[in-house]
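Participant: Supplied in structure tokens, the structure appears directly below.
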Amino acid sequence: MSKGQFITLEGTEGAGKSTAAVAIADWLMGRGVDLVISREPGGTALGEMLRSVLLDPNTGNLAAESELLMMFAARAQHIMQIIQPALEAGKWVLCDRFTDASFAYQGGGRGLSFERIEELEQWVHPHLQPDLTLLFDLPVEEGLQRAGRRNFPDRFEQEKVAFFTEVREAYLRRMEQFPGRVKLVDASQNVE
């Protein structure tokens, strides 16, 4: 049995990743791909609990280190329970965010050391990297305007423009660092 493919979707708030995920999943499944769809943080019972803490505006001001460690705790569980078994069974995995998001949000946005994030990456998943990452990119202000249309903004969506500017820059650096894996998608265009 051949190993499955691991595709991740990344981008700042309002970039349309979740909408694109549905279209991509429909396209892949329409071609007979056995697909598992997931998200980070989330995908498992523990991941969803941590997601609710991380996104809840009432959580307040978390230490950046706490935020990063919760992301990696959720990720470790997600890999063990969902991603690795699916790939080993020959299934494809489509995931809304993965470790690139930690480099962007906790590294770029929160200013944590990229070296520390790399240490966690090597500890939690030393042999697992996405086969393809689609980076949905658009101007920060446009993404925030889109995200602002949601009824209840989450803890991240309440951050300032400067935070998301750093997040976007960190994502673009990841694309430059991994040009074979990370492909840019112009998210200012219509989803089709």
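Participant: Considering only residues that are of a type outside the set (Asp, Glu) and over 9 Å from GLY108 (Cβ atoms), which ones fall in region 151-163?
Facilitator: ASN151, PHE152, PRO153, ARG155, PHE156, GLN158, LYS160, VAL161, ALA162
Participant: With under 25 Å from LEU50 (Cβ atoms), under 16 Å from the mean Cα position of the chain (by Cα) and in a loop (DSSP other than H, G, I, E, B) as the only criterion, which of GLN129, GLN77, GLN158, GLN106 stands out?
Facilitator: Among GLN129, GLN77, GLN158, GLN106, only GLN129 is under 25 Å from LEU50 (Cβ atoms), under 16 Å from the mean Cα position of the chain (by Cα) and in a loop (DSSP other than H, G, I, E, B).
Participant: Can you confirm whether region 60-70 contains a residue that is at pLDDT 95 or above, touching a Leu at 6+ places or on another chain (Cβ under 7 Å) and polar (S, T, N, Q)?
Facilitator: Checked region 60-70: no residue is at pLDDT 95 or above, touching a Leu at 6+ places or on another chain (Cβ under 7 Å) and polar (S, T, N, Q).
Participant: Turning to a different aspect of this structure: Does any residue of region 140-148 turn out to be charged (D, E, K, R) and modelled with pLDDT of 95 or more?
Facilitator: No, every residue in region 140-148 fails to be charged (D, E, K, R) and modelled with pLDDT of 95 or more.
Participant: Continuing with the same structure: Please verify whether ASP34 is of a type outside the set (Ser, Thr, Tyr), surrounded by fewer than 14 Cβ atoms within 10 Å (Cβ to Cβ), in contact with a Phe, Trp or Tyr (Cβ under 8 Å, 6 or more places away or on another chain) and without any contact (Cβ under 8 Å) to a residue 60 or more places away in the chain, treating the condition exactly as stated.
Facilitator: yes
The values are calculated or read from the model by the stated rules, or taken from the named source; none is laboratory data. Owing to the predicted nature of the structure, the values given are computational and were not obtained by experimental measurement. All Cβ positions, glycine included, derive from the backbone under ideal geometry; neighbour counts span all protein chains shown.
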